[in-house]
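The values are calculated or read from the model by the stated rules, or taken from the named source; none is laboratory data. The shown structure was predicted, so the numbers you read here are calculated from the model rather than taken from an experiment. FYI the Cβ positions are ideal-geometry reconstructions off the backbone, even for glycines, and counts take in every protein chain you see. Side chains are part of the model used for accessible areas, which takes the heavy atoms of the whole protein and leaves out ligands, DNA and RNA. Shrake-Rupley method; radii C 1.70, N 1.55, O 1.52, S 1.80 Å.
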Amino acid sequence: MSEVVIKTTPADANIERAILGCCILSKESYFKALEFIHDSYFYVPSHQQIFEAVKNLYESNQPVDYMTLSIELEKRGILEIVGGFLYLSDIVSSLPSLAHLESYLNLGFEYSQRRDLIKLGSKIIDDAYSREKEFDRLIDEAEKLILAVNQKKAINNLTHIQETANKRFDRYSRIKDGEKLEDDEKVLTGYIALDGILKIYNNDFVIIGARPAQGNTTLAFNVAIGICRQNQLKNESKPVLIFSLEMSKDEIVDKMISMLSGISKYKLDEGLTNDQEWDRVQDAVIALNKTPIYVDDLASSTANQMLASARRVKAQHKEIGAIIIDYLQLAESEVNELNRVQEISKISRTCKKMAMELKTPVIALSQLSRKVEERQNKRPQLSDLRESGSLEQDANSVVFIYRDEYYNSDSTKTRIAEIIIAKQRRGPTGTIEMYFDGELSRFTSLEK
C-alpha cells in the first residue's frame, strides 16, 4: 500500500507577520518591501489588508504605529476581521529583527512564486486537456506565463549620480594621462575600419538598412562571425543569436561555409571542388562547429518570442555576444488591430528593450522605402527607413549599404560597397568602403 503524501501550500504566516512588523516600525523598511510585494505576495488575506492600510498611512504622510494602524483599519471596517488591536500589537512586539528584513522578503517572495507556479500549472493542465487551442499557441502562452512569474519583483535601479560620475571621471583621467584602456562594453566586429567609426556597445540597438541585393544579410552574418572571433581572442564564448525570418538554417550555413572557405555555393552544389578546395570546406565546417552561433529560422516569430528565446539563452550562458534579426519588417505582430506603422513601432521598441534588458547589441536588418530608386542619388537616407519613424528614433546607430555598380553599369567602383554610418549616438557619422564579394558572401576590409 503506497504512502499518502500530504502537500502543503508554500507559505509562512510568521514570515509575513515579520515583514508587516518591519513596515510598521520603519518607513525605510516599507520602501524596501515595495520592491518585493505584489498582489499575490501575502498568503494570509488579512496580512494583505494590513499592508494596504500601512501603505495608505505612509502615502498620506501620517505616522505609522500599531495604534494609528488600528484606527485606519477600524475606519475601513475590518479591524476585527484582521485580528483586532491585540493582533497588531503582537505583530510589532514579536518582531525578531529589523536587520533581517531582506531575508524575510526573499523568503516571502519565493513562497509567492511557488504558489503562482502551482496556479499556472493547474491552468496549463486544464488548457492541455481542453484541446481548444492550437498546440503551438498553448506552448507559447505557457512559456510567457512562466516567464512572467519572475517579473513580479520590482528592480530598484536608482543610484545617486555621484557614483557613476566619479567612475567615469577616473576613466577619462587615466585616458588623458596616456593609459590605453580596454572598453569592456564595446563590441568589436573585427573589421578595423568599421570598428574605427562604428561604436557598438552592449545595450545598443543597431539597424542595417539597404535596398535588395546590396548585401545587408551578408554583412550581418559576417559581423556575427567577426564578433564571435573577437570574443574568442579574449577567451570568451558568448553566443551570438541569429533570428532569420527569411532564410532557412541551411541557407545561412551555406553562406557562412562559402564565406569562411572562399568556395562559391555554385561549386559546392555542383561538386566541382578539387582536393585542396575540399580541405578548405572541411576547415570551414570545423570552424563553424566551434563558433557559438545559434540560429532560429521560424518565419512566424514575433519580437516577444525572440525576446523570450534570448532570455533563456542568457539564463543558460550568462552573457550574449549579439542578437541579429533578419529582417525586422518580417516579424509577426501580436496585436492584429494595429496598423503597419504601429506594428513596426512596437517591434522596434521591443528590440530596444531586448538590447537594454539583456545587455547585448541587437542588430536588426531593415527594408528601405522604394523612394530610394526614384532619386538620382541612390544613396540611402534616414528618411528612407520604411514604415516607421520610430526605427530612426529608437536606434542607437543606423548603417546603410550602397553599391554604386548595382545602379550604374559604368561605375568604377567594382565590388566596392559604401558602408554609410547615417546616425550614431556615441560617435561620428561618415562612410567607409569595403570589398564585397556576393558569390562568396564576403565583406572584407580594403587596404589603403
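Restricting to segment 60-77, what's the tally of residues that are under 15 Å from H47 (Cβ atoms) and open to solvent by 50 Å² or more (accessible area, probe 1.4 Å)?
Residues meeting the conditions: 2.
Looking only at segment 266-289, which residues are open to solvent by 40 Å² or more (accessible area, probe 1.4 Å) and either polar (S, T, N, Q) or touching a residue at least 12 places away in the same chain (Cβ under 8 Å) (or both)?
Residues satisfying the conditions are Y266, L268, N274, Q276, R280, Q282, D283, V285, A287, N289.
Identify the residue in segment 408-422 that is open to solvent by 70 Å² or more (accessible area, probe 1.4 Å) and without any contact (Cβ under 8 Å) to a residue 12 or more places away in the chain and, among all such residues, is nearest to A355 (Cα to Cα).
The residue in question is T414.
In the list R403, R426, which residue meets the criterion of being modelled with pLDDT of 85 or more and under 13 Å from F205 (Cβ atoms)?
Step by step, each of R403, R426 is checked, and only R426 is modelled with pLDDT of 85 or more and under 13 Å from F205 (Cβ atoms).
E405 is checked against (1) in a loop (DSSP other than H, G, I, E, B); (2) open to solvent by 10 Å² or more (accessible area, probe 1.4 Å); (3) of a type outside the set (F, W, Y) and fails just one. What number does that condition carry?
Condition not satisfied by E405: (1).
Any idea how many residues of segment 3-45 are open to solvent by 100 Å² or more (accessible area, probe 1.4 Å), modelled with pLDDT of 90 or more and in contact with a helix residue (DSSP H, G or I) (Cβ under 9 Å, 6 or more places away or on another chain)?
Of the residues in segment 3-45, 1 are open to solvent by 100 Å² or more (accessible area, probe 1.4 Å), modelled with pLDDT of 90 or more and in contact with a helix residue (DSSP H, G or I) (Cβ under 9 Å, 6 or more places away or on another chain).
Do you know which of the residues in segment 90-139 that are surrounded by fewer than 10 Cβ atoms within 10 Å (Cβ to Cβ) and not acidic (D, E) is nearest to I19 (Cα to Cα)?
Checked segment 90-139; the qualifying residue nearest to I19 (Cα to Cα) is A99.
Being in a loop (DSSP other than H, G, I, E, B), at pLDDT 80 or above and either open to solvent by 70 Å² or more (accessible area, probe 1.4 Å) or under 20 Å from Q342 (Cα atoms) (or both) is the filter here; which residues of segment 372-390 pass it?
Within segment 372-390, Q376, N377, R379, Q381 meet the criteria.
Being open to solvent by 30 Å² or more (accessible area, probe 1.4 Å) and assigned to a loop (DSSP other than H, G, I, E, B) is the filter here, so list the residues in segment 334-371 that pass it.
Hits for segment 334-371 are E334, V335, N336, E337, L338, N339, K359, R370.
Is it true that K55 is in a helix (DSSP H, G or I), among the basic types (K, R) and under 17 Å from S29 (Cα atoms)?
yes
Hey, can you tell me all the residues within segment 423-443 that are in a strand (DSSP E or B) and surrounded by fewer than 14 Cβ atoms within 10 Å (Cβ to Cβ)?
G430, T431
Can we say N235 is of a type outside the set (A, V, I, L, M, F, W, C) and open to solvent by less than 60 Å² (accessible area, probe 1.4 Å)?
No, not satisfied.
I320 - would you say it is of a type in the set (A, V, I, L, M), crowded, with 16+ Cβ neighbours inside 10 Å, under 14 Å from L245 (Cβ atoms) and in contact (Cβ under 8 Å) with a residue 40 or more places away in the chain?
In short, no.
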